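Notes follow once the structure below has been shown.
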Amino acid sequence: FDRRTLMARARNYLWTRALENEQWVLWIDGDLEYYPPNIVNDMMAYDKDVLVPNCLVNRKIHRFKWEYGVYDFNSWQETPESIEMLKMIKDEAFLIEGDGDSPFRTKRKYMEHFGKSETIVPLDGVGGTFTLVKARVHRSGVGFPVWLFQHQVETEGFAKLAKANGFGVFGLPNYNIHHIYN
């Protein structure tokens with residue numbers, strides 16, 4: 001929780017100090033291994049308020065075999081099961097996606113669970129590996145919560161807050177970028 005709130009504070013500091021006349025804000029991890037050279041233009045063409053690609057990582061699955069799989073478990077869509085689970089947990093419960101130590105199994109739908117024909121999908125949470133945001137979202141006051149907002153902070157909390165303020169949050173489940181293995 002402390003690391004995530006520190007990241008949220010840093011992101012909020014950056015956008016509140018740097019945003020001037022820009023139309024878009026790009027949040028990008030410094031340790032991405034690959035993304036297409038035209039990704040920003042491709043994503044801007046969708047004209048969405050908040051948009052993320054699918055971030056994968058090449059993981060060793062046994063001695064001589066590596067396989068790409070989900071890196072960013074923070075990009076997800078609520079499901080009927082996850083919505084029911086949310087109704088049953090305490091308001092102060094902090095949910096961490098993809099964390100084996102989490103006491104909750106949220107049953108949310110991750111980017112890898114969408115079909116090959118699904119180009120763009122609505123999301124309820126986003127990660128920060130490569131997030132394109134229309135500047136008007138931030139200018140409206142939507143930042144990265146350092147407090148729990150609907151059980152989330154930082155980027156997932158940002159997505160929830162953006163949606164609560166009427167903005168659209170979307171993902172490109174078949175537009176892949178690669179994170180370094182760490």
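Going by the conditions given, is K107 at pLDDT 85 or above and touching a helix residue (DSSP H, G or I) at 6+ places or on another chain (Cβ under 9 Å)? Judged against the criteria, K107 is a match. Look at the stretch 107-123: where a residue is farther than 19 Å from E81 by Cβ and open to solvent by 70 Å² or more (accessible area, probe 1.4 Å) and a partner is of a type in the set (S, T, Y) and outside any loop (DSSP other than H, G, I, E, B), sitting 6+ places away or on another chain with Cβ atoms under 9 Å, you get T119/Y175.
Out of all the residues in the stretch 20-59, which are open to solvent by less than 90 Å² (accessible area, probe 1.4 Å) and of a type in the set (D, E)? Of everything in the stretch 20-59, those that are open to solvent by less than 90 Å² (accessible area, probe 1.4 Å) and of a type in the set (D, E) turn out to be E22, D29, D31, D42, D49. Within the stretch 158-171, the set of residues being open to solvent by less than 40 Å² (accessible area, probe 1.4 Å), farther than 27 Å from P36 by Cα and touching a residue at least 24 places away in the same chain (Cβ under 8 Å) comprises just one member, K160.
On inspection, T16 qualifies as in a helix (DSSP H, G or I), of a type in the set (S, T, Y) and either modelled with pLDDT of 95 or more or closer than 17 Å to V133 by Cβ (or both). Just one residue in the set E92, E78, E97 is under 18 Å from F158 (Cα atoms) and open to solvent by 100 Å² or more (accessible area, probe 1.4 Å); that residue is E92. Within the stretch 2-19, can one find any residue that is touching a Leu at 6+ places or on another chain (Cβ under 7 Å), touching a residue at least 24 places away in the same chain (Cβ under 8 Å) and surrounded by 12 or more Cβ atoms within 10 Å (Cβ to Cβ)? The answer is no; no qualifying residue exists. Going by the conditions given, is K116 modelled with pLDDT under 95, over 19 Å from V169 (Cα atoms) and either in a loop (DSSP other than H, G, I, E, B) or in contact with a Phe, Trp or Tyr (Cβ under 7 Å, 6 or more places away or on another chain) (or both)? Yes; evaluated as a whole, the condition is true for this residue. For the stretch 129-142, a residue qualifies if it is of a type outside the set (S, T, Y) and open to solvent by 10 Å² or more (accessible area, probe 1.4 Å), and the qualifying residues are K134, R136, R139, G141.
The values are calculated or read from the model by the stated rules, or taken from the named source; none is laboratory data. Not measured: the values here are computed from a predicted model. No Cβ is skipped: glycine too gets one built from the backbone with ideal geometry, and neighbour counts run over all protein chains shown. When the accessible area is computed, the model is the full protein with side chains, heavy atoms only, and any ligands, DNA or RNA have been set aside. Shrake-Rupley method; radii C 1.70, N 1.55, O 1.52, S 1.80 Å.
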